Amino acid sequence: MSNAFDYLKFWFKATNQHGIHSPFIYRFVTKGLYDKHKYSRSKSLNTFLKCINYFNPNSIDFEAGNELIRNKVKEQFPSLSFEGPFDMKFFGGLKTESQVSAMEHYAEQHPAGIIYIDNISKNKNSKEIWNKLILADFVIVSVDLYFGGLLFFHKTQAKEHFKIRI
């Protein structure tokens, strides 16, 4: 019951494309997230695959233990590389504080990169780590999609956080 209540709270606080004033995020939402193509019945996996389709990375790195997701990505995007340098990194959730250091290291090495984090609203610990991440200096733009979250590090943009309904 708690998850349903949490999702309902998120839904009322989040916005759709009409409340977004960032051209970068507006284009991503309207042309990426709201694209009618459905890759998977899993809302979380479908969201991640739409992100890949929109941002069109050359290569993706997966945190250890996410081989199933990696195989699904390979199935949908056979030309995608899983060798460095990486344009995008996938984390299968937020479990420990050490992941924050790993993300900061990735941001330093790949300032134009993107991090996708699955299940950011899974439990209280995940939410606490997510809230710490969106305030971190290395994160410039963060997008909370409830089922997952995106982090961007472009120093040319203003620091902003978005909650988007999908």
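Quick notes on this structure:
- Cα lying deepest toward the dipole's positive end in the chain, options Ile120, Leu33, Met103, charges on Cβ: Leu33
- Tensor-based shape of the chain (alpha-carbon gyration tensor, a/c under 1.5 rounded, otherwise prolate or oblate): rounded
- Extension gain, Glu160-Lys124: 0.36 nm per intervening residue step, less the Cα-Cα distance, totals 10.7 nm.
- Under 18 Å from Lys127, Cα to Cα: lysines that are on another chain or at least 8 residues apart: Lys9, Lys13, Lys95, Lys163
- FRET efficiency for Leu135 and His105, using Cβ-Cβ distance with R0 set to 22 Å, rounded to 0.05: 0.80
- Legend: ranking of residues Val100, Val141 from fewest to most surrounding C-beta atoms inside 10 Å; resulting order Val100, Val141.
- Sites matching trypsin sites (Lys or Arg not before Pro) across the stretch 108-166 that sit in DSSP coil, with at most 10 neighbouring C-beta atoms within 10 Å: Lys155
- Other-chain or far-sequence residues with amide H under 5 Å of Phe162's (modelled H): Ser142, Val143, Asp144
- Looking at the stretch 60-166, the GluC sites (Glu not before Pro) that sit in a DSSP loop and have at most 10 other Cβ atoms within 10 Å of their own Cβ are Glu83.
- Ignoring lysines fewer than eight residues from Lys72 along the same chain, the ones with Cα atoms less than 20 angstrom from its Cα are Lys36, Lys38, Lys43, Lys50, Lys89.
- Value of [θ]222 nm, deg cm²/dmol, for the chain, DSSP H segments ≥ 4, -39500 (n - 2.57) each, nearest 500: -11500 deg cm²/dmol
Taken together, the values in this text are just the output of simple stated rules run on the coordinates, not laboratory data. These numbers were taken from a predicted model, which means no experiment stands behind them. All Cβ positions, even for glycine, are placed from backbone atoms using ideal geometry, and neighbour counts span all protein chains on display.
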